Protein chains: 2
Amino acid sequence: MRRNTKDAELRERAAQVIPGGMYGHMSTAMMPEGYPQYFAQAEGTRITDVDGNVYIDFMCAYGPNLLGYRHPDVMAAVQRQQALSDTVTGPGEPMVQLAEAMVDMVSHADWAMFCKNGGDATTMALMIARARQGKRKVLVAHKAYHGAVPWNTPRPGGVLPEDRAHLIYYDYNDPQALEDAAKQAGDDLAGIFAAPFRHDTFADQELPDAEYARAARAVADQHDALLIVDDVRAGLRIARDCSWETLGVRPDLSAWGKVLGNGQPISALMGNDKAREAAQKIFVTGSFWYSAVPMAAAVETLRIVRETDYLEHLQRIGTMFREGLLEQGRTLGLPIKSTGPATMPMVLFDDDPDFRFGYAFCQAAMERGVYLSPYHNMFINAAMTEDDIRRTLDATGAALEHVKKNRASIEPPAALAKMAALVAEH
Amino acid sequence: MRRNTKDAELRERAAQVIPGGMYGHMSTAMMPEGYPQYFAQAEGTRITDVDGNVYIDFMCAYGPNLLGYRHPDVMAAVQRQQALSDTVTGPGEPMVQLAEAMVDMVSHADWAMFCKNGGDATTMALMIARARQGKRKVLVAHKAYHGAVPWNTPRPGGVLPEDRAHLIYYDYNDPQALEDAAKQAGDDLAGIFAAPFRHDTFADQELPDAEYARAARAVADQHDALLIVDDVRAGLRIARDCSWETLGVRPDLSAWGKVLGNGQPISALMGNDKAREAAQKIFVTGSFWYSAVPMAAAVETLRIVRETDYLEHLQRIGTMFREGLLEQGRTLGLPIKSTGPATMPMVLFDDDPDFRFGYAFCQAAMERGVYLSPYHNMFINAAMTEDDIRRTLDATGAALEHVKKNRASIEPPAALAKMAALVAEH
């Protein structure tokens, strides 16, 4: 029997002093019942909740855990730098080393700027695209997530129409929609945002068509606008480079975050020389953007990225997870899907419009020690072993059998109904 | 003779891979010549640049260093938490402990939300003020710094007029200007921003008139709008509470940052129950907002804030620095001013319209091992001793004599001319 006494106690205390008890993407409000909100420990592939329950974690802190939690080499770099300096009256040498390492790694880029949130990097990209020639229009794919500030947050609360003035929305992967949107912008087109692949919540993921990616580049060039790839979520899980390098398409700007310091707080905007002068025209900054410890962690993370087969390992392990799961679905006659790159799978059921089967499946897997998401893409980390995947598949196999057996009586998730009501109310 | 070989080498490398060589508030582009850009070490009150030059640091990382760099108790808390978890798939217990400690400490507040940048907290305040009743207008003091995103960054590059739609500017400390601005907003007034005191760059600081602060509260109440105190820069250097508590004026929201984790990256928005429901209506988040290490550091920082006389020490040391400096000015017949709270002094010269004397003074102090700013308020930290201030005054005394002796030949600072040209150009 799973314990949740301590988690329940913390939730109760949090309800007093945190609006809604929790906020943002790490709130479990939309998760299946019983998911723990609070964690006490993390090591390698495992997270332990405050009640001592251990899970193989397929969310990886929603991305940052690339190499395994508390990776010894990264932690050693953190501790070495911590003994010297962190947040001081100026940056340290690691900032220059990191900018050089990033520019070496990212083919399209000539320069780097570091920040804290992924949304800092995408907002800087927006500002640079506009600062460059004073043009205003920026194309963004419908439903794409590029951060949670007024110009891009996915919910309407506290946002004015003016915050999104001069944004034009297009359908991802549709070259014609992109061209139509550009036509609408006319000679006022400053930039085009694109996720490296379609990774919206509650939807199957879609890899980018090369035709769409090439059209994005061509439209940007025709309009002398900047092409921006938002690699915050996918960076370093598709390529040791900007993700669109695999398609042969180079953006002018790319936004990075999450994985760069393997969990240490750092994000980055990378750009080419076409965007350098505009980057000097904007004033952006933050209290902790120059801190040396996360930069030292990132320098070490990039060394491991360069010198090891972590990426091939992610792909091998991710494929083993995907194929095992799909095989289980076929065997049981359950229409389970796993979409997107194997290193960042989204797992949904066909014919599951209210997500009841997906939620029941994840809940059953969670109770068996495997932490999955029923509505957000998941993440593979490099500490995962074949044995971890075998244990995971033991849990998912049992969870699928549970779904099959209880199919007729599974209710739609209460969390989603509550959320839908909340959104409708405002 | 000060060495700067390594700093020069790093600057040269940075010029290749970072736009303009550096960006934001930690760029030394506007500092007097010879100021180091890169630091290698920090301990207590001292920072050591990459060439081994040591300075008594009066910038304190532009605020975060409240208790001394690498404070042993805070670092012990950091290391204890680091051994358990940091950036994971959910928050840890320190998030609840910290929210409780903040709510206990900040009289006006019933809840807390944590983030990374000070600008995250002020942007959340803006969104909550608007989300509450769908009203749009927000009052902001001219020239006040509330962050560096499109709605508030102090330079125009990359910003559209729409980003500032529905902001109305008023003169700080002028109750009539505030009331006029509110009148202009009419029944569309959502919120009023106020710094705890006037701390604009390149200008004498001004403490708030109680009449102005009371007017801000009254106007907010008349309009059923939210009063927001931006305590990101001044927090915990004026009071063990919101800074305006010293005036008997309680805001609905207050933004915090910089000092909370004594250098660990964390900021916060605090609010009362009037703003709680609106806080639940906005969707804001960030990859590293839930990380446990900075929260554990903040829990320990707040314990020290509660249990020690750090604040009285800051005030005593700050007053000793201020009085010593003013005495030196009087003795030498130099019209030096020190404005604002003694814990956050701004030091400028009278009759110094192009800042040439202030720049020459700071440069001479820097060459003597004291790091001051000629255009930004400075910060006292609790590790500073009377002996540090005596050493500082030895350096400032010699620096003032240098200014007096060379008065006729001191040139206006080249950095400011370059900056003015850059701003004019765009």
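Just to check your reading of the model, which residue among B:S338, B:S373 is touching a helix residue (DSSP H, G or I) at 6+ places or on another chain (Cβ under 9 Å), hydroxyl-bearing (S, T, Y), assigned to a strand (DSSP E or B) and at pLDDT 95 or above?
B:S338
In this structure, does B:R132 turn out to be in the same structural domain as B:T201 (by TED's automatic domain parsing) and assigned to a loop (DSSP other than H, G, I, E, B)?
It is false that B:R132 is in the same structural domain as B:T201 (by TED's automatic domain parsing) and assigned to a loop (DSSP other than H, G, I, E, B).
Can you find, within region A:57-83, the residue that is farthest from A:A42 (Cα to Cα) among those that are among the aromatic types (F, W, Y) and in contact with a strand residue (DSSP E or B) (Cβ under 9 Å, 6 or more places away or on another chain)?
A:F58
For residues in region A:133-149 being surrounded by 23 or more Cβ atoms within 10 Å (Cβ to Cβ) and not aliphatic (A, V, I, L, M), which is farthest from the other protein chains (Cβ to nearest Cβ)?
Selected residue: A:H146.
Would you confirm whether or not region B:96-119 contains a residue that is free of Cβ contacts under 8 Å to residues at least 24 places away in the same chain, out of contact with any Asp or Glu (no Cβ under 9 Å at 6 or more places or on another chain) and of a type in the set (D, E)?
yes
Output the residues belonging to region B:96-123 that are among the small types (G, A, S) and either within 10 Å of chain A (Cβ to nearest Cβ) or in contact with a strand residue (DSSP E or B) (Cβ under 9 Å, 6 or more places away or on another chain) (or both).
B:A99, B:A101, B:A109, B:A112, B:G118, B:G119, B:A121 - these are the residues of region B:96-123 that are among the small types (G, A, S) and either within 10 Å of chain A (Cβ to nearest Cβ) or in contact with a strand residue (DSSP E or B) (Cβ under 9 Å, 6 or more places away or on another chain) (or both).
In the set A:A76, A:A29, A:A42, which member is over 24 Å from A:R390 (Cα atoms), not hydroxyl-bearing (S, T, Y) and not assigned by TED's automatic domain parsing to the domain that holds A:F288?
None of the others qualify; the one that does is A:A29.
Which residues, counting only those in region B:315-362, are under 22 Å from the mean Cα position of the chain (by Cα) and farther than 21 Å from B:D387 by Cβ?
B:K337, B:T339, B:G340, B:P341, B:M344, B:M346, B:L348, B:F349, B:F355, B:G358, B:Y359, B:C362
Are there helices (runs of 4 or more DSSP H) fully within region B:193-312 with at least 3 residues that are within 13 Å of chain A (Cβ to nearest Cβ) and not hydroxyl-bearing (S, T, Y)? List them. Please lay out each step first, then the result.
On the way: elements: B:210-222, B:276-281, B:292-307.
In region B:193-312, the matching helices (runs of 4 or more DSSP H) lie at B:276-281, B:292-307.
Between residues in region B:4-21 that are more than 21 Å from A:A268 (Cα to Cα) and residues that are surrounded by 15 or more Cβ atoms within 10 Å (Cβ to Cβ), which pairs lie under 6 Å by C-beta distance while being six or more apart or on different chains?
Listed by first residue and then by second, the contacts come to B:N4/B:D51; B:K6/B:V50; B:K6/B:D51; B:D7/B:P36; B:D7/B:Q37; B:D7/B:Y38; B:D7/B:V50; B:D7/B:D51.
Just a yes or no: is a residue in region A:170-191 at negative phi, free of Cβ contacts under 8 Å to residues at least 40 places away in the same chain, outside any loop (DSSP other than H, G, I, E, B) and aromatic (F, W, Y)?
Yes.
Any chance region A:351-371 includes a residue that's buried (at least 22 other Cβ atoms within 10 Å of the Cβ), within 13 Å of chain B (Cβ to nearest Cβ) and not hydrophobic (A, V, I, L, M, F, W, C)?
The answer is yes, given that some residue of region A:351-371 is buried (at least 22 other Cβ atoms within 10 Å of the Cβ), within 13 Å of chain B (Cβ to nearest Cβ) and not hydrophobic (A, V, I, L, M, F, W, C).
Determine which member of the set A:P161, A:P156, A:P72 is more than 7 Å from chain B (Cβ to nearest Cβ) and modelled with pLDDT under 95.
Within the list A:P161, A:P156, A:P72, the selection yields A:P156.
Is it true that A:L126 is within 21 Å of A:A181 (Cα to Cα) and either hydrophobic (A, V, I, L, M, F, W, C) or within 10 Å of another protein chain (Cβ to nearest Cβ) (or both)? Before the answer, list the steps.
Values: within 21 Å of A:A181 (Cα to Cα): yes; either hydrophobic (A, V, I, L, M, F, W, C) or within 10 Å of another protein chain (Cβ to nearest Cβ) (or both): yes.
Yes, satisfied.
Scan region B:391-421 for residues that are free of Cβ contacts under 8 Å to residues at least 24 places away in the same chain and not polar (S, T, N, Q) and jot them down.
B:K405, B:A408, B:A417, B:A420, B:A421
Among the listed residues B:D352, B:D394, B:D387, identify the single one that is charged (D, E, K, R) and assigned to a loop (DSSP other than H, G, I, E, B).
Numbers: B:D394 fails: assigned to a loop (DSSP other than H, G, I, E, B); B:D387 fails: assigned to a loop (DSSP other than H, G, I, E, B).
Being charged (D, E, K, R) and assigned to a loop (DSSP other than H, G, I, E, B) holds for just one of B:D352, B:D394, B:D387, which is B:D352.
Show the residue pairs meeting these rules: Cβ distance below 9 Å; 6+ apart or different chains; first residue within region B:271-296 and in the same structural domain as B:E93 (by TED's automatic domain parsing); second residue among the hydrophobic types (A, V, I, L, M, F, W, C) and modelled with pLDDT under 95.
If the second residue must be among the hydrophobic types (A, V, I, L, M, F, W, C) and modelled with pLDDT under 95, the pairs left are B:Q280/A:L422; B:K281/A:L422.
Can you report the number of residues in region B:80-92 which are among the acidic types (D, E) and without any contact (Cβ under 8 Å) to a residue 12 or more places away in the chain?
0
Pick out the one residue from A:M346, A:M366 that is touching an Asp or Glu at 6+ places or on another chain (Cβ under 8 Å) and farther than 17 Å from A:A408 by Cβ. Can you show your working first?
On the way: A:M366 fails: touching an Asp or Glu at 6+ places or on another chain (Cβ under 8 Å).
Answer to the check: A:M346.
Of everything in region B:39-64 that's within 9 Å of another protein chain (Cβ to nearest Cβ) and in contact with a Gly (Cβ under 6 Å, 6 or more places away or on another chain), which residue is nearest to B:P345 (Cα to Cα)?
Checked region B:39-64; the qualifying residue nearest to B:P345 (Cα to Cα) is B:P64.
Go through region B:372-408 and count every residue that is surrounded by 22 or more Cβ atoms within 10 Å (Cβ to Cβ) and basic (K, R).
Qualifying residue count, region B:372-408: 0.
Quick grid of which residues meet (1) surrounded by 24 or more Cβ atoms within 10 Å (Cβ to Cβ); (2) more than 15 Å from B:L126 (Cβ to Cβ); (3) not assigned by TED's automatic domain parsing to the domain that holds B:P196:
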{"position": "B:V229", "(1), (2), (3)": "yes, no, no"}
{"position": "B:D241", "(1), (2), (3)": "no, yes, no"}
{"position": "B:L247", "(1), (2), (3)": "no, yes, no"}
{"position": "B:L253", "(1), (2), (3)": "yes, no, no"}
{"position": "B:L260", "(1), (2), (3)": "yes, yes, no"}
{"position": "B:G263", "(1), (2), (3)": "yes, yes, no"}
{"position": "B:I266", "(1), (2), (3)": "yes, yes, no"}
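Name, by its number, the condition in (1) surrounded by fewer than 21 Cβ atoms within 10 Å (Cβ to Cβ); (2) at pLDDT below 95 that does not hold for B:H199.
Of everything listed in (1) surrounded by fewer than 21 Cβ atoms within 10 Å (Cβ to Cβ); (2) at pLDDT below 95, B:H199 misses just condition (1).
The values are calculated or read from the model by the stated rules, or taken from the named source; none is laboratory data. Remember, it's a predicted structure, so these values are computed and weren't measured experimentally. Neighbour counts run over all protein chains shown; Cβ positions are idealised from the backbone, glycine included.
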